[in-house]
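The block underneath contains the structure these notes are about, expressed in structure tokens.
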Amino acid sequence: MRRGELYRVARPSSRDPRKSRVFVIASRQVLIDSRFSTVICAPVYAAYEGLSTQVPVGVDEGLKHDSAIHCDELVSLHKSALTHYVGHLSPHKLDQLNTALIAALQLHDE
């Protein structure tokens, strides 16, 4: 399990109307490799509004159609739920994820 990998998760929450949803792992690698049972993930939705907190993804990342990672909706998921590997982000997309996370968490000086 690596940062930037995408996994399809069945029934991620009772509030999500979909049977499954794809998530990208956003946690730092040291946490992923640790004994902690959860990792921080960002959901992937078909909607893309071009926000600074969204990263466009698609077939190149293992998805069936164009979508977007939504960094404003971070969740903690059990590692045991991340079993259906879909694909991974390229180094360029991982840089875009980092930029979107900085914007979503307002980690830059203003």
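Read-outs throughout are calculated quantities, based only on the coordinates presented, and are distinct from any laboratory measurement. None of these values were measured; they are calculated from a predicted model. When we count neighbours, we look across all protein chains shown, and the Cβ atoms used for this are built from the backbone with ideal geometry, even at glycine.
Residue by residue through region 63-89, note down the ones that are more than 15 Å from L105 (Cα to Cα) and either acidic (D, E) or more than 13 Å from the chain's Cα centre (by Cα) (or both).
Once the filter is applied, which keeps residues that are more than 15 Å from L105 (Cα to Cα) and either acidic (D, E) or more than 13 Å from the chain's Cα centre (by Cα) (or both), region 63-89 yields K64, H65, D66, H78, K79, S80, A81, T83, H84.
Kindly indicate the residue of region 70-79 that is over 11 Å from S52 (Cα atoms) and not hydroxyl-bearing (S, T, Y) and also surrounded by the most Cβ atoms within 10 Å (Cβ to Cβ) among those meeting that condition.
L77
Residues that are in contact (Cβ under 8 Å) with a residue 60 or more places away in the chain and surrounded by 17 or more Cβ atoms within 10 Å (Cβ to Cβ): does region 27-37 have at least one?
No, there is no match, as no residue in region 27-37 is in contact (Cβ under 8 Å) with a residue 60 or more places away in the chain and surrounded by 17 or more Cβ atoms within 10 Å (Cβ to Cβ).
Quick one: how many residues across region 52-65 are touching a residue at least 12 places away in the same chain (Cβ under 8 Å) and either more than 14 Å from V86 (Cβ to Cβ) or assigned to a loop (DSSP other than H, G, I, E, B) (or both)?
Of the residues in region 52-65, 8 are touching a residue at least 12 places away in the same chain (Cβ under 8 Å) and either more than 14 Å from V86 (Cβ to Cβ) or assigned to a loop (DSSP other than H, G, I, E, B) (or both).
May I ask you to list the residues in region 45-68 that are buried (at least 19 other Cβ atoms within 10 Å of the Cβ) and under 18 Å from M1 (Cα atoms)?
Of everything in region 45-68, just one residue is buried (at least 19 other Cβ atoms within 10 Å of the Cβ) and under 18 Å from M1 (Cα atoms), namely E61.
What do you reckon, is R8 out of contact with any helix residue (DSSP H, G or I) (no Cβ under 8 Å at 6 or more places or on another chain), among the basic types (K, R), more than 17 Å from S90 (Cβ to Cβ) and not in a strand (DSSP E or B)?
Here the answer is no, as R8 does not meet what is asked.
Those residues that are surrounded by 15 or more Cβ atoms within 10 Å (Cβ to Cβ) and either assigned to a helix (DSSP H, G or I) or of a type in the set (V, I, T) (or both), I need them from region 80-93; list them, please.
The initial filter retains those residues of region 80-93 that are surrounded by 15 or more Cβ atoms within 10 Å (Cβ to Cβ), namely 81-82, 86-89, 93.
Of everything in region 80-93, those that are surrounded by 15 or more Cβ atoms within 10 Å (Cβ to Cβ) and either assigned to a helix (DSSP H, G or I) or of a type in the set (V, I, T) (or both) turn out to be A81, V86, K93.
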